[in-house]
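S.K.: Submitted below is the structure of interest, expressed as structure tokens.
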Amino acid sequence: TSHSIFTPFFASVLFACATCFYHSHHQIIFVNYMPFLITALLGVDRLIEKKKICMLTAGIFLIYIHSFFYAFSCLVACFIYFLSRLAEDGSGFKNRGTLLVRAAAAVILATGMAAVLLLPTGLDILSTSKDGGAFAAENLKVFDFTMEGLLFSPYGCGMDIIGALCLAAGVAKKKTRLLSSCLVVLFLFPVFSLVLNGFLYARAKILIPMLPL
């Protein structure tokens, strides 16, 4: 139907008008994993619908290879999407044991294949003392009612007010409530940005992987 075509088209326009193109020539490491994150999200669909893990495994593996820093945020995005797909009609939860095992297998397999890069990189990071900089010393807000990580900021998702309204509408709709609520919580509480940034600072750039959601 025209409605079913318009919805993904409009969402694609919002996605294209966010900060992805800005970062593609200013801070490429902020978005160089994005095609593979989308592949992994499509892999989640394939896992739930056909119980196959190849696409999910490949997507996660390529995320690891291209972006060590954003890998964990991408996994969180995939997990949130996975839970939201299961909750859409409730039928997915009947097979949640099998699906969770297969999802875990995909993550473990991708991590194992990328270990040749992940292990030395991780060991090098752990063996070097890092200065958290001025941002680490800033007082952490309990709430960020400006939703700066979602709206306008060049170092966030860079969505406009339409995206925020769509997110609010998603909370009110049963089918998308879990997904939208998780996103609102991530953007509302800076502590999640702090954790995903490895406790260095609470900058919302780490939430850019949530943009496709």
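S.K.: Given a 1.4 angstrom probe, I'd like the percentage of the accessible area of region 1-47 that is carbon and sulfur, rounded to a whole number.
M.R.: Carbon and sulfur together cover 76 percent of it.
S.K.: So if a site counts as exposed when it's one of the trypsin sites (Lys or Arg not before Pro), its DSSP state isn't H, G, I, E or B, and it has at most 11 other Cβ atoms within 10 Å, what's the longest stretch of the chain without one? Write out the running numbers ahead of the final one.
M.R.: Details: sites that count: LYS51, LYS130, LYS173.
That gives 52-129 as the longest site-free run.
S.K.: Give me a comma-separated list of calculated 3J(HN,Hα) values for region 65-78, in order, Karplus coefficients 6.51, -1.76, 1.60 applied at θ = phi - 60°, integers in Hz, x for any Gly or Pro.
M.R.: Those phi angles translate into 5, 8, 8, 5, 5, 8, 4, 5, 4, 5, 5, 4, 4, 5 Hz.
S.K.: Across the chain, how many lysine pairs separated by 8 or more positions, or lying on different chains, have Cα atoms within less than 19 Å? Can you show the working numbers first?
M.R.: Details: LYS50/LYS94; LYS51/LYS94; LYS52/LYS94; LYS94/LYS174; LYS94/LYS175; LYS141/LYS205.
The result is 6.
S.K.: Can you classify region 25-110 as rounded, prolate or oblate using the Cα gyration tensor, where a ≥ b ≥ c are the square roots of its eigenvalues, rounded means a/c under 1.5, and otherwise it's prolate if a/b beats b/c and oblate if not? Display every interim value, and only then the final one.
M.R.: Values: a/c = 2.52, a/b = 1.94, b/c = 1.30.
Prolate, because a/c is 1.5 or more and a/b exceeds b/c.
S.K.: Compute the FRET efficiency between VAL101 and LYS175 as 1/(1 + (r/R0)^6), taking r as their Cβ-Cβ distance and R0 = 25 Å, and round to the nearest 0.05.
M.R.: 0.45
S.K.: What accessible area per residue comes out for the chain, rounded to a whole number of Å², with a 1.4 Å probe?
M.R.: Value returned for the chain: 56 Å² of accessible area per residue.
S.K.: Okay, which of region 1-40 sit inside 11 Å, backbone N to the point 7 Å along the Cα-Cβ direction of THR121?
M.R.: 33
S.K.: Give the shape of the chain as rounded, prolate or oblate, defined through the alpha-carbon gyration tensor: a ≥ b ≥ c are the square roots of its eigenvalues, a/c under 1.5 means rounded, and otherwise the shape is prolate if a/b is larger than b/c and oblate if not.
M.R.: Oblate is the answer for the chain, as a/c is 1.5 or above yet b/c matches or exceeds a/b.
S.K.: Roughly how big is the chain's charge dipole about its Cα centre, with Cβ charges of +1 (Lys, Arg) and -1 (Asp, Glu), in debye to the nearest 20?
M.R.: Dipole size: approximately 780 debye.
S.K.: Sticking with this one: Could you calculate the contour length gain from LYS52 to PHE9, that is, 0.36 nm times the residue separation minus the distance between their Cα atoms, to one decimal place in nm?
M.R.: That works out to 12.8 nm of additional length.
S.K.: Looking at the chain as a GNM with Cα springs under 10 Å, which of PHE82, PHE145, PHE15 has the largest mean-square fluctuation?
M.R.: Ranking PHE82, PHE145, PHE15 by mean-square fluctuation puts PHE145 first.
S.K.: Continuing with this model, one more query. Give the Rg (one decimal place) followed by the Dmax (whole number) of region 134-200, computed from C-alpha coordinates and expressed in Å.
M.R.: Cα radius of gyration and Dmax of region 134-200 are 12.9, 42 Å respectively.
S.K.: Here's another thing I want to ask about it. Using the Karplus curve 6.51 cos²θ - 1.76 cosθ + 1.60 with θ = phi - 60°, what ³J(HN,Hα) values do you get for each residue of region 186-197, in whole Hz, with x for Gly and Pro?
M.R.: Per residue, the Karplus-derived 3J(HN,Hα) values read 4, 7, 7, 10, x, 4, 5, 5, 4, 5, 5, 7 Hz.
The values are calculated or read from the model by the stated rules, or taken from the named source; none is laboratory data. Note that this is a predicted model, so its numbers are computed, not measured. Note: ideal-geometry Cβ built from the backbone for every residue, glycine included; neighbour counts use all protein chains shown. Remember, those area values only see protein heavy atoms, side chains included, never the ligands or the DNA or RNA. Shrake-Rupley method; radii C 1.70, N 1.55, O 1.52, S 1.80 Å.
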